[in-house]
Structures are given as C-alpha cells and as structure tokens.
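I have placed the structure first, in the form of structure tokens, so that the comments after it can refer back to it.
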Ligand SMILES: NC(=O)c1ccc[n+]([C@@H]2O[C@H](COP(=O)([O-])OP(=O)(O)OC[C@H]3O[C@@H](n4cnc5c(N)ncnc54)[C@H](OP(=O)(O)O)[C@@H]3O)[C@@H](O)[C@H]2O)c1
C-alpha cells in the first residue's frame, strides 16, 4: 500500500502534508471506546501507509496525549528523524471572555506539553461568539507566540467568511480554515472558497463522509434511527441529511455514487472524498479515524488514483440541485455552532 505523489501538498514552505488527514475526534468518546495502546499502534500503520497528517483538538479526549505518546515511541524506536515527516494540527477552543497573553500562552503550553513538542505545526482557533471581539486579542497573542517559535502557523476552524475577512484585515496571517464540506453540505461554495482563493487560505474539510453515511453500508438501507446511529458523528450528519433533503434523496445520491464507484473500480467513499478534494481552495479532506476500532486505509488510498470527469461531476451535481440550500437554512460555514 503506497500513496502516489499526488497525495501530498506543500501546504506551507515548511509543512508538506497528506491531503487525506486523519481525524481524531473519533477517539474522544461518543464514537466507541478506544484502546489507547492499540490506537498508538494503529497510528504507526497510518503513517507507514503515507497518511502522515493528523487533525486533533484540545477537547478531543486523549487525542493530544496520543500524539505525544506516538512521538515518544517514534524517538524510542531510534527513528527521531521521522518526527519531521509527521504533521499534527491541533485546535484551541476556549470559552469566550477576556483574552490576556497569559490565558493564551498557558493554553498553548498545555497543548505543547501534551503533544510533547517544542512547537505546534498548526493552531486552528475556534471561537463561539462573534459578538465578543476578544477573539482578535487571542489571535494577536497567538501571533506573538508564533514569532517566539511556539507555533508554526495560525489557522481557524468554523469561522464564517465575514469574520475570516475581519481577521485577515487585522493583519493576522491565517493559512487555513477548517469547515464542513461534503456532497451534502456545500455551503463553502457560496462565499468561503472565493475568499480563500483570493487570500491564499486553504480549506480543510470535515463531514466529507458524513460520519460514514456516504458509503456502501447505507446504500439501499432503511433510514437509520436512534441507537442505529451509533456515533456522535453519524448523528451530527444524519441531521444534516434531514435538512438537506431527507433519506430518499440521500439514497438517490448513494446510488448515483455507487454507479460511479463501479465505473471507476473504487468505493462510494472514494468518490465523495475525491469530489471535495478537487474543489478550489481545498487543501485536504479530514477523514475520521476510529483508531483501534475500525480502519479504511486500503480503501482510502484509492482516492489518489481516482480522476472524476465532467460527466461524473454532472451526474453528482444533478442530485445536489434537487436538495435544499443549507446556506439558506443554516447560514455560512460554522454558523451551526453559533
Ligand atoms: N472543526 C470541527 O468543528 C470539526 C467537526 C467535526 C469533525 N472535525 C474533524 O474531522 C474529522 C472527521 O470527522 P467526521 O465526524 O466529519 O467524520 P467523517 O470523516 O465524515 O466520517 C468518519 C467515518 O467514516 C467512515 N469511513 C472512513 N473511511 C471510509 C471508507 N473508505 N469507506 C467507508 N467508510 C469510511 C468510518 O466509519 P466507521 O468507523 O464506522 O467504519 C469513519 O469513522 C474529525 O476526526 C475531526 O478531526 C472537525
């Protein structure tokens, strides 16, 4: 199992990443109980296969600690050099309120300590409340910590286009924004992509597989309800599917994707990821990894050998045209959190 060169992106001058990132929300609880030892063993398997880039957050249960343990085991195995081939992108999700230099630095230090690293590759900042403009202070202090060598690059998650613009105009250099983007949730296409292209900001996308709903597992199946939606992720995106057009339209989408998957000798998930990877401004798709519970490495490798043609895109877009407009219903990227 090897990844082609097209799996890589020179994201920043000093960060070369895999365009499928391994999402660690799935280790936080609510997605099944993970075994930490087996989870770290699995992390070696991901990296050996070429999936070297991790997406995590301060509040994803043990995710930052698992990165720390993974780094220590890599060093102990005599492979310290390999550390430079791994990228770990965390987030800080503070409660709104006054942001002093101490508050910011204390929290960045916690992530540094847990991840056992002198410098964070990427800090993706989240803010719950736009009416509280302290987010600009938080970013200003993070920029100071960046110039002092504690953070390589500043990024955001779930910021809408308007506030991304405010931050950019305040002179803070943002390299990426992490947003929900899938065949079901196409809100970034309204404003976000255009702004990101103009300002050289990459998008990292989540929900691209709708927690696994965009796969053969749900093709031709009755609408899953209650306990059948066994992870928080499935529940989150089932709500999106409901708002988007419901289960019967979703089945239409799945069967169209299945026809394309058969034609390209790949899976529904491959088509769903490739479609989003090919969108302008998208740097990478984050695919949730239930480490020690399930894995789809061999299948996800195939994304990088897949090329969708104009006719394929037309068939997919024809289904989107029948759906509700989530931008009208929810608002811009991230508005579901506010
Ligand atoms: N910034 C934010 O607010 C935010 C929000 C949500 C997520 N995220 C990030 O995005 C990551 C992704 O999470 P998500 O909740 O959006 O989930 P997702 O990536 O849409 O779905 C992940 C699930 O898809 C299934 N899957 C993966 N590859 C597959 C394949 N080739 N074939 C069939 N099924 C496949 C697996 O299900 P099974 O395990 O059941 O097999 C996996 O657990 C998170 O870990 C996190 O890093 C960020």
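Listed from fewest to most Cβ neighbours within 10 Å, the set 159, 51 follows the order 51, 159. For the chain, the longest principal axis of the C-alpha atoms and the axis of helix 268-277 are separated by about 50°. Using R0 = 51 Å, the C-beta based FRET efficiency linking residue 162 and residue 217 works out to 0.85.
Quote the FRET efficiency, to the nearest 0.05, computed for residue 128 versus residue 199 with a Förster distance R0 of 25 Å and r equal to the Cβ-Cβ distance. About 0.60, to the nearest 0.05.
Measuring between their Cα centroids, the stretch 279-338 and the stretch 145-213 lie 15 Å from each other. Take every DSSP beta bridge whose two residues both sit in the chain; close to 10 percent of them are antiparallel.
Label-to-label distance for residue 295 and residue 190 is 3.9 nm, based on points extended 7 Å past Cα in the beta-carbon direction. Could you identify which residue out of 283, 226, 29 has the top mean-square fluctuation in a GNM of the chain using Cα springs shorter than 10 Å? For the chain, modelled as a Gaussian network with Cα springs under 10 Å, the answer is 226. Once the Cα atoms are used to define both axes, helix 310-320 deviates from the longest principal axis of the chain by about 90 degrees. So for the chain, averaging the separation of alpha carbon pairs under 8 Å that are six or more residues apart and normalising by length, what relative contact order in percent results? Relative contact order here is 21 percent.
Full extension of the segment from residue 337 to residue 44, taken as 0.36 nm per residue of separation minus the current Cα-Cα distance, would add 102.2 nm.
The P(r) of the stretch 111-248 has a tail past 24 Å containing 44 percent of all C-alpha pairs. The long axis of helix 232-244 is offset from the longest Cα principal axis of the chain by roughly 50 degrees.
Largest GNM mean-square fluctuation across 58, 48, 325, computed for the chain with C-alpha springs under 10 Å, falls on 48. Here the scattering of the stretch 14-337 is modelled by Debye summation over its C-alpha atoms, one equal scatterer each and no solvent; at q = 0.15 Å⁻¹ the log10 of I(q)/I(0) is -1.31.
Each 10 Å bin, from zero up to the one with the longest distance, holds this percent of the alpha carbon pairs of the stretch 55-152: 16, 47, 28, 9, 2.
Ellipticity at 222 nm from helices only: DSSP H runs of n ≥ 4 in the chain, each -39500 (n - 2.57), divided by the residue count, give -12000 deg cm²/dmol.
Throughout, read-outs are computed from the coordinates displayed, never taken from laboratory work. Since this is a predicted model, take the numbers as computed values, not measurements. FYI the Cβ positions are ideal-geometry reconstructions off the backbone, even for glycines, and counts take in every protein chain you see.
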